[in-house]
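Heads up: the structure comes next, in structure tokens.
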Amino acid sequence: MWAALMFFRLLSRLPWSIQRALAAGLGWLAYYLVPIRRRVVRINLQLCFPEKTAAERRRLARAHYQSLALGGFEACLAWWAPARRLPPHELIGREHLEAAQAGGRGIILLTAHFTTMEIYACLLNQHVRFDVIYREPNNPVLAREMRRQFESLLANAIHFDDLRGLVRALKAGHIVWYAPDQGQRTKQSALVPFFGVPALTNTATSRLAEMTGAAVVPYFALRRTDGSYLLTLLPALDNFPSGDATADADRVNRLIEAQIRLAPEQYFWAHKRFKSRGPDLPDVYA
């Protein structure tokens, strides 16, 4: 793993246009030669885009693999490249973040798991400091490097199960990056439609907002075809929390869906989004 990290660190020194070309080729090869998650991707796309033809979904799946590969190169840039070598980007909606901050409240920077996650966190960090919630990968070498990068580049790194640390940061007025779109069966989860299909969904967003008084500001990024990025901050959610955590989670899902539809290949479809739904619903991945 150390050798792999060194190799990718060297690759991150290549011109961005060459890295993008390499990612396109690697993604194409991975789709055909490393099919570990290809079936999961296809099932997710079939459930979420039934209106598309089978051929259209296959093309989307191949484009997603290329997006995954490019996300790996983006992570290398985010971790190791100096600011002057980062790809160009445009930030719109900063006034929404500033308006939410004006009252001295903490900010839940609401986002989702896109393949662009690493780069759009890095690019936003050029404009505003924020905390991030993270889950360590199983590999200890990769986990150590990820933690080191987060702690050096971002304001604060909060482990995903450190609820007290998260609440403390929000009450102190911090901005905290938060992605609730990968549900696990806990007390803070419910079956909520995702693209019209019941999915186990994290309902903790509204609870956190209620506990801390934090504003919820959606933040998303779009990878453009020319290699640049569009970063978008939306107005803070009004009437949130509403008092109904499941309805709030449904609102968050619909917000994420709208962003996915702008560039569906850039969402993280390799995740089993429709797992662990209970005995009354079929295991679509079986």
Here the qualifying pairs (Cβ atoms under 9 Å; residues six or more apart or on different chains; first in region 40-62 and over 11 Å from residue 269 (Cα atoms) and in contact (Cβ under 8 Å) with a residue 24 or more places away in the chain; second part of a helix (DSSP H, G or I) and hydrophobic (A, V, I, L, M, F, W, C)) come out as 49/60; 62/28
So, in region 17-58, exactly how many residues are assigned to a helix (DSSP H, G or I), over 22 Å from the mean Cα position of the chain (by Cα) and farther than 27 Å from residue 139 by Cα? 7
Out of region 38-96, which residues are small (Gly, Ala, Ser), surrounded by fewer than 17 Cβ atoms within 10 Å (Cβ to Cβ) and under 20 Å from residue 274 (Cβ atoms)? 54
Close pairs from region 197-210: first touching a residue at least 60 places away in the same chain (Cβ under 8 Å), partner basic (Lys, Arg) and crowded, with 22+ Cβ neighbours inside 10 Å, Cβ under 6 Å, at least 6 apart: 199/273
I need a count of the residues in region 101-118 that are more than 19 Å from residue 206 (Cα to Cα) and among the hydroxyl-bearing types (Ser, Thr, Tyr). 2
Tell me whether region 154-174 contains one or more residues that are over 29 Å from residue 99 (Cβ atoms) and in contact with a strand residue (DSSP E or B) (Cβ under 6 Å, 6 or more places away or on another chain). no
For region 211-245, which residues satisfy the criterion of being among the charged types (D, E, K, R) and not in a strand (DSSP E or B)? 224, 226, 238, 244
Does residue 216 meet the test of being β-branched (Val, Ile, Thr) and crowded, with 21+ Cβ neighbours inside 10 Å? yes
Can you confirm whether region 251-273 contains a residue that is among the hydroxyl-bearing types (Ser, Thr, Tyr) and out of contact with any Phe, Trp or Tyr (no Cβ under 7 Å at 6 or more places or on another chain)? no
Have a look at 258, 286 and point out the one that is of a type in the set (A, V, I, L, M), in a loop (DSSP other than H, G, I, E, B) and under 28 Å from residue 27 (Cα atoms). 286
Restricting to region 2-12, give me the number of residues that are modelled with pLDDT of 90 or more and in a loop (DSSP other than H, G, I, E, B). 0
Check off (1) surrounded by 12 or more Cβ atoms within 10 Å (Cβ to Cβ); (2) at pLDDT 80 or above for residue 155 and give me the number that stays unchecked. (2)
Cβ-Cβ under 7 Å, sequence separation 6+ or interchain: first residue in region 231-254 and in contact (Cβ under 8 Å) with a residue 12 or more places away in the chain, partner surrounded by fewer than 20 Cβ atoms within 10 Å (Cβ to Cβ) and among the charged types (D, E, K, R). Which pairs? 231/90; 233/94; 241/210; 245/207
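The values are calculated or read from the model by the stated rules, or taken from the named source; none is laboratory data. Just so it is clear, the model here is predicted, and its values are computed rather than measured. Note: ideal-geometry Cβ built from the backbone for every residue, glycine included; neighbour counts use all protein chains shown.
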